[in-house]
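Participant: I have a structure here, written as structure tokens, and I will follow up with some questions on it.
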Amino acid sequence: MKTITLIGAPIEEGSGRRGAAMGPTALRIAGIDTVLAELGHTVNDEGDLRPLPARDLANHPGANNLQSVAAFARALDEAVHETARKGHFPIILGGDHALSMGSVSGMARHAQDVGRPLFVLWLDAHADFNSPATSPSGNMHGMPVAFFCGEAEFAPILPKDRPLVDPKKVYQVGIRSVDAREREEIAEHGVNVFDMRTLDEMGMAHIIRQIVDDVRAANGLLHVSLDVDFMDPELAPGVGTTVPGGATFREAHLIMEVLCDSGLVSSLDVVELNPFLDDRGKSARILVELTASLFGRRILDRPTRAA
């Protein structure tokens, strides 16, 4: 059993609309702490981060609300690193996906501390590999992957000498919306992208087990970043960036069950939940159910798959 630390990140400034700041509260109302405790884990809720804007940074025309996003990135980098250093499992409750600039950076620091490579599983409809130079909107929730891979160094948000994530150790699953320039960037840097066509052709189980095998072979840590829009909007409507044709309920649970069996996951983001757009808490409840699957809820005990 794990000691889990919940860290609320009520950030909405990285997206183009308001509402995601209510995400951490909605996940708590949906019972994320209770469900994890019922599975036998020790759960500590650290509450919500409330950082002041990073006034040392100048406004940037291609990075909307830079000061607010940078403040959360800095606070999460520190909070996640400290949580992992203590041997606890950080779950970051979002909040828009810009928060992963800080959460993944904090885990990259921890991975360096323990001498293991960090892998990232990005469950999302979007690649989020933009920078201010490539983003059509300037919304920073489309930039976190480029940032923690060191490809969006446009402002001193975090120290330049921080450990970065190798783009070849980033696995993006469920992708179905990529900007034209972004497509070129992810190909150039070797990001592993499994779009919905690939999932249909190869099957979810095969792909996730391939990723797990890669992480295990490298003795890596695995950070999972789960965006609500990974799933089909008919299933989980509570997100501001819906894209039709997402993962099914069973596909999403299968991922979490296989990841649980692997024992490799070291940290988790749950992001982009916008309760204002949800249907009576439907999306929040699904996210809690998926988190429960990641932490051991199962129908039957099964033999562990050989490595």
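The values are calculated or read from the model by the stated rules, or taken from the named source; none is laboratory data. Keep in mind the model is a prediction, meaning the values are calculated, not measured. In this analysis, Cβ positions are derived from the backbone assuming ideal geometry, glycine residues included, and neighbour counts consider all displayed protein chains. Heavy atoms of the whole protein, side chains included, go into the accessibility calculation; ligands, DNA and RNA do not. Shrake-Rupley method; radii C 1.70, N 1.55, O 1.52, S 1.80 Å.
Participant: Show me the helices (runs of 4 or more DSSP H) found entirely inside segment 197-307 where at least 3 residues are farther than 29 Å from residue 73 by Cα and in contact (Cβ under 8 Å) with a residue 12 or more places away in the chain.
Facilitator: Output list reads 204-217, 249-262.
Participant: Suppose we filter 244, 237, 233, 275 for residues that are open to solvent by 50 Å² or more (accessible area, probe 1.4 Å) and closer than 24 Å to residue 97 by Cα; which single one remains?
Facilitator: 244
Participant: Oh, and also: Which of the residues spanning segment 162-183 are open to solvent by 20 Å² or more (accessible area, probe 1.4 Å), part of a helix (DSSP H, G or I) and modelled with pLDDT under 95?
Facilitator: Listed by number, the residues that qualify are 180, 181, 183.
Participant: For the structure I just gave you, tell me whether residue 200 is charged (D, E, K, R), surrounded by fewer than 20 Cβ atoms within 10 Å (Cβ to Cβ), in contact with a strand residue (DSSP E or B) (Cβ under 6 Å, 6 or more places away or on another chain) and farther than 25 Å from residue 112 by Cβ.
Facilitator: No: the conditions fail for residue 200.
Participant: Only one of 103, 135 is buried (at least 19 other Cβ atoms within 10 Å of the Cβ), more than 19 Å from the chain's Cα centre (by Cα) and under 30 Å from residue 58 (Cα atoms). Can you tell me which?
Facilitator: Testing whether each residue is buried (at least 19 other Cβ atoms within 10 Å of the Cβ), more than 19 Å from the chain's Cα centre (by Cα) and under 30 Å from residue 58 (Cα atoms) leaves just 135.
Participant: If you check residue 144 against the conditions, is it open to solvent by 20 Å² or more (accessible area, probe 1.4 Å), touching a residue at least 24 places away in the same chain (Cβ under 8 Å) and in contact with a helix residue (DSSP H, G or I) (Cβ under 9 Å, 6 or more places away or on another chain)?
Facilitator: Answer is no for this residue.
Participant: State all residues of segment 95-139 that are within 25 Å of residue 284 (Cα to Cα), outside any helix (DSSP H, G or I) and in contact (Cβ under 8 Å) with a residue 40 or more places away in the chain; if no residue qualifies, say none.
Facilitator: 95, 96, 120, 121, 122, 123, 124, 125, 126, 127, 139
Participant: Something else: So, in segment 140-155, exactly how many residues are farther than 18 Å from residue 183 by Cβ, at pLDDT 95 or above and in a loop (DSSP other than H, G, I, E, B)?
Facilitator: Residues meeting the conditions: 1.
Participant: Name the residues in segment 50-74 that are touching a Leu at 6+ places or on another chain (Cβ under 7 Å) and in contact (Cβ under 8 Å) with a residue 12 or more places away in the chain, would you?
Facilitator: Scanning segment 50-74 gives 57, 60, 66, 67, 70, 71, 72, 73, 74.
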